[in-house]
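See structure below.
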Amino acid sequence: MNTRTIAAIGLTCTLFAGLPAGADEVRFDLANEYSPTSLVASMDQDFIDTVAEKSAGSIVITPHFGGSLGFKSKDHFDLVGDGVIPIAGTYTGAFVGIDRMFALSSMPFLAPDVDGAKRLYEIAKPYYEEIFAQNGQKLLYASPYTPVGIWAGKALSSKEDLKDLKIRTYDAASNEVFQVIGAAPIQTSWSDVVPLLGTGGIDAVLTSDESGVTSNFWDYLSHFNALPYSIAINMTHMNADSFDALSPEQQAAIEKAAALVQERNWKRVEERVARNLDIMAEHGIAVVAPDPELVKDLSVASETVLTNWLADTGEDGKAIVSA
């Protein structure tokens, strides 16, 4: 257990209570760094509501959206594994330093549409489950984002437009792609994005239309450059001891709720894309169709990223991509 976790336990042990198995009511807390109105937060809220229904009210989960507990996504893996936070919904790119398998959904141009991203997750799910299990956790379900693009102050049509652009990236893979293409990427947690936009620390943001809409990016930027880049995912994961301490009926309620929410999550994405287009139009955001030249430039820049990922993940990575 690291120093940060020990300190966190001292600060938050009174927040995260779970009653022993067999008690009438069990209470858990769920952490998520994204705002309550975001797509991934709404998916976690659906899980919370469905668990309450399936458990006949015997499991009560309290959400803490917007990073309100003071933790960033990268902290969640250790905190859930150590039982400080019972449940968390976390962007998987934050876990790349823990295991390179978590970079899979961020591989550029590998599965940039909803159907492809769903298939990729289903193929890789057993590998994710094993990683969580080895670290005292249980994978509950994935929450996909809408497709990734570039929010900027102008339309982007070639690598020349990206040269020296101070662009926020969200993981090591995206950081490497934009370094190769000649931009000036800055990898940072989501909670730091709006402050950086406000101070001019960044000029553009690599993220989904969804994330920009929920954070009112029109206050800072004017264009959303759509790209067939990738579809990022959150994973909602639970401390294994907390799950094991539940009664068999409560465990079944958690698993049934997770399965139902997982199925609904993928259907929500396309509905949300249409909704976001309307909202962006209302706020004067120009939605730029993918430019073939820019897509080609980024595809070339990303080739080494996938090659390096395959080298890092060995036979497991090759098996997933082949499938």
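The values are calculated or read from the model by the stated rules, or taken from the named source; none is laboratory data. For clarity, every value in this text was computed on a predicted model and none was experimentally measured. So basically every Cβ, Gly included, is an ideal-geometry build from the backbone, and we count neighbours across all protein chains shown. Ligands, DNA and RNA are stripped out before the accessible areas are found, and what is left, the full protein with its side chains, is counted by its heavy atoms. Shrake-Rupley method; radii C 1.70, N 1.55, O 1.52, S 1.80 Å.
Odds and ends about this structure:
- Above-threshold pairs, the threshold being 31 Å between Cα atoms, out of K154/K296; K154/K318; K72/K118; K72/K267; K118/K296; K74/K318: K154/K318
- Farthest positive-ward along the chain dipole, Cα basis, beta-carbon charges - from S242, T307, A289: A289
- Degrees separating the helix 39-54 axis from the principal Cα axis of the chain, which is the longest one: 20 degrees
- Pairs of Cα atoms nearer than 8 Å and 6+ residues apart set the relative contact order; for the stretch 46-121 it is 14 percent.
- Between 0 and 90°, nearest 10: helix 3-12 axis offset from the chain longest Cα axis: 60 degrees
- Of all accessible heavy-atom area on the chain, the percent that carbon and sulfur account for (1.4 Å): 52 percent
- Around N216: net Lys/Arg minus Asp/Glu count, Cβ-Cβ under 14 Å: -4
- Ranked by the mean number of other Cβ atoms within 10 Å of their residues, highest first, the peptides 153-160, 213-220 fall in the order 213-220, 153-160.
- For the stretch 164-259, the Stokes-Einstein estimate of translational diffusion at 25 °C and a viscosity of 0.890 mPa s comes to 153 µm²/s, using the Kirkwood hydrodynamic radius over alpha-carbon pairs.
- Charge sum, other residues only, whose C-beta stays under 12 Å from G136's C-beta, Lys/Arg counted +1 and Asp/Glu -1: -3
- Counting only protein heavy atoms and a 1.4 Å probe, the chain has 41 square angstrom of accessible area per residue.
- Listed candidates (1) 57, 42, 37; (2) 62, 46, 39; (3) 63, 41, 36 - label of the one calculated as Cα extents along the principal axes in Å: (2)
- Under the convention that each Lys and Arg Cβ holds +1 and each Asp and Glu Cβ holds -1, the size of the dipole of the chain around its Cα centre is about 240 debye.
- This model, with +1 at the C-beta of Lys and Arg and -1 at the C-beta of Asp and Glu, gives the stretch 79-138 a dipole about its Cα centre of some 20 debye.
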